[in-house]
Amino acid sequence: MRLEGSLDRIEFLSLINFLYLQKRTGIFLIKSNDGKSATVFLRDGDVIDVEYLGERGDSAFLKLLTIPEINFVFTETSVKIERKINLSPESLILEAIKKIDEEKELYIPSSLEAF
């Protein structure tokens with residue numbers, strides 16, 4: 001299976017959840033509109049590692065979600081790297097949604113100050 005496209009943060013989390021439910025194994029290659037790139041590794045639906053901005057693991061995954069819109073290619077392939085993320089996909093997605101909500105709360109008051 002090969003998927004490619006452009007998604008916002010929530011859509012990307014939905015795709016991660018879909019691949020988890022389908023127990024897919026493969027690699028996401030991700031590029032932001034400003035040229036930054038990341039790699040997300042899945043094994044049997046679990047996100048086992050992320051590389052982004054010189055970081056790895058769950059902190060890299062959460063930083064990846066600061067990108068408002070990503071372009072991606074997911075290729076189903078074997079993944080033979082060591083697991084760096086030990087959170088379940090559900091926990092990882094919930095942490096990501098919490099982080100996105102916190103960012104929105106910080107953005108709303110500061111944007112209102114301009115008025």
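Just so you know, all these numbers are worked out from the coordinates, no wet-lab data involved. Since we're looking at a predicted model, the values are computed, not measured. Positions of Cβ are backbone-derived with ideal geometry, glycine not excepted, and every protein chain shown enters the neighbour counts.
The angle between the Cα long axis of helix 89-112 and the main principal axis of the chain comes to about 20°, on a 0 to 90 degree scale. Mean separation of Cα pairs under 8 Å and 6+ residues apart, divided by the residue count of the stretch 2-112: what relative contact order is that in percent? This gives 31 percent for the stretch 2-112.
Calculated mean residue ellipticity at 222 nm for the chain: -12500 deg cm²/dmol, from DSSP H runs with n ≥ 4 weighted as -39500 (n - 2.57), summed, divided by the residue count and rounded to 500.
Say we join alpha carbon atoms closer than 10 Å with springs in a Gaussian network model of the chain; which of F74, F61, F18 then has the biggest fluctuation? Checking each option, the largest mean-square fluctuation is seen for F18. Restricting to Cα atoms and excluding each atom paired with itself, what does the Kirkwood estimate give for the chain in Å? Kirkwood radius, the chain: 14.5 Å.
The C-alpha atoms of the chain define a longest principal axis, and helix 9-21 lies at about 30 degrees to it.
So how strong a dipole does the chain carry about its Cα centre when Lys and Arg Cβ are +1 and Asp and Glu Cβ are -1, to the nearest 20 debye?
Working: 15 positive and 20 negative charges, 94 e Å.
So the dipole magnitude of the chain works out to roughly 460 debye.
Under 13 Å from a label point set 7 Å out along the Cα-to-Cβ vector of R83, the amide N atoms of the stretch 1-44 belong to 42-44.
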